[in-house]
1. Of all residues in segment 6-55, count the ones that are under 25 Å from PRO108 (Cα atoms), open to solvent by 80 Å² or more (accessible area, probe 1.4 Å) and charged (D, E, K, R).
2. Return the only residue of GLU55, GLU37, GLU24, GLU44 being of a type in the set (Asp, Glu) and within 23 Å of ALA113 (Cβ to Cβ).
3. Inspect segment 66-75 for any residue being part of a loop (DSSP other than H, G, I, E, B) and at pLDDT 95 or above and give the result as yes or no.
Amino acid sequence: SLRFPQKLWKMLESSKFQSIWWTEGGKCVAINKDLFEEEVLGREGQQVFHTQKIESFVRQLNAYGFTKMRRNFQRSASLPEFLAEETAASAHSQILYYYNPSFNRAHPWLSEACKRK
């Protein structure tokens, strides 16, 4: 069974999920809270993260060194990401942004350094 960071990575790289995506050129993880609860945490019998609560998922992120980011940095440069962010924002959904220096799309090997505190 995969560790939390590997599961998260796999989910981010999958096209199956609309509720979670890379931002800032692969340096941040964005989560559409409402959609994530429905799409990922609400899956009957196919749980990815052994929880149905967003609070527990966020605790896992924190336990692996992710920190919540304020959304005051630049929008994504790529049009699809920008449009996804705009669509999510216009739907009044709460978007959560998390950053971990060892979790970077351009450097997958760094995720091995994501250890539980």
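1. Residues meeting the conditions: 4.
2. Exactly one of GLU55, GLU37, GLU24, GLU44 is of a type in the set (Asp, Glu) and within 23 Å of ALA113 (Cβ to Cβ), namely GLU24.
3. The answer is yes; a qualifying residue exists.
The values are calculated or read from the model by the stated rules, or taken from the named source; none is laboratory data. No experiment lies behind these values; they were computed from the predicted model shown. Because the Cβ atoms are built from the backbone with ideal geometry, glycine has one as well, and the counts that use them run over all protein chains shown. Surface areas here come from the heavy atoms of the whole protein model, side chains and all, with no ligands, DNA or RNA. Shrake-Rupley method; radii C 1.70, N 1.55, O 1.52, S 1.80 Å.
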